[in-house]
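The values are calculated or read from the model by the stated rules, or taken from the named source; none is laboratory data. From a predicted model like this one, the values you see are computed outputs, not experimental measurements. In this analysis, Cβ positions are derived from the backbone assuming ideal geometry, glycine residues included, and neighbour counts consider all displayed protein chains. To get the accessible areas, we keep the full protein, side chains included, count just its heavy atoms, and leave off ligands, DNA and RNA. Shrake-Rupley method; radii C 1.70, N 1.55, O 1.52, S 1.80 Å.
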Amino acid sequence: RKEVEQDPGPFNVPEGATVAFNCTYSNSASQSFFWYRQDCRKEPKLLMSVYSSGNEDGRFTAQLNRASQYISLLIRDSKLSDSATYLCVVNSGYALNFGKGTSLLVTP
Amino acid sequence: EAGVTQFPSHSVIEKGQTVTLRCDPISGHDNLYWYRRVMGKEIKFLLHFVKESKQDESGMPNNRFLAERTGGTYSTLKVQPAELEDSGVYFCASSGTSGGYSYNEQFFGPGTRLTVL
């Protein structure tokens, strides 16, 4: 079983739509949780950390359910510039464990 | 401030040849990591340096891969001899904390795209 699992998509949504991504992880000892964004042929960049109480950064909201080992990312009012691959990332030490990513395409 | 840099950006070699990838972390970052993304798979951890010491090399695929970090500055990852399945994108990342367990954001370099023919 993979450590981090995500629906690969693609998710095609119109500008202004709300879209949600989900992710599950297998290691219950995992301590830190993140969403990274990766543009085509670029490096991953940290989008936001995910906290147990849930957290929001502008149009982005992340949630963590430790009991279900489930992480989510909600993007409101999608912009064309949100088109990218969103990587669910978990770590239990220094090494990061990545999901394969969920592809998002926001269309005009 | 300069980010993580990697060289070369692309490398095309034949099976059996040797390739050396280089990573320069963000100045002052003690932690340096290597990751790899093989086509169709997720990004996978290879190893972690704290300064010049290998802290965790559990992700290294086999003994054809050798990583070094001389003087705790830049790092090299050598593949010798290269095999077809080594093709992929090799990312380097660095982060700033070195004491105890504490997550500091890992900043990724642009990657080296390796193709083994």
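Structural remarks
- For the protein assembly as shown, the solvent-accessible area with a 1.4 angstrom probe is 48 square angstrom per residue.
- Applying 0.36 nm per residue to the separation of B:Asn104 and B:Val12 and subtracting their alpha-carbon distance, the gain on full extension is 29.8 nm.
- Available extension along the chain between A:Lys42 and A:Ser28 is 2.0 nm, counting 0.36 nm per residue and deducting the alpha carbon span.
- Of all DSSP-defined beta bridges confined to chain B, some 90% are antiparallel rather than parallel.
- Note: chain A, Cα convex hull, 95 Å³ per residue.
- Taken about its Cα centre, the range A:31-108 carries a charge dipole of roughly 140 debye when the Cβ of each Lys and Arg holds +1 and the Cβ of each Asp and Glu holds -1.
- Accessible surface of the protein assembly as shown, 1.4 Å probe: 48 percent of it comes from carbon and sulfur atoms.
- Gaussian network model of chain A, springs between alpha carbon atoms under 10 Å - residue of A:Thr61, A:Thr18, A:Thr85 with greatest fluctuation: A:Thr18
- Within the shell defined by Cβ-Cβ distances under 11 Å, the residues around A:Pro8 carry a net charge of -2, with Lys and Arg each +1 and Asp and Glu each -1.
- The charge dipole of the protein assembly as shown, taken about its Cα centre with unit charges on the Cβ of Lys, Arg, Asp and Glu (plus for the first two, minus for the last two), comes to roughly 300 debye.
- Within the protein assembly as shown, A:Cys40 have no other Cys Cβ under 4.7 Å of their Cβ and so lack a disulfide-compatible partner by this rule.
- Total charge dipole magnitude, the range A:1-51, about the Cα centre, Cβ charges on Lys, Arg, Asp, Glu only, Debye to nearest 20: 140 debye
- Integer Hz, Karplus 6.51/-1.76/1.60 couplings in order for the range B:33-41, x for Gly and Pro: 10, 10, 10, 9, 10, 8, 3, x, 10
- If the segment from B:Glu85 to B:Lys51 were pulled out straight at 0.36 nm per residue, it would be longer than the present Cα-Cα gap by 9.3 nm.
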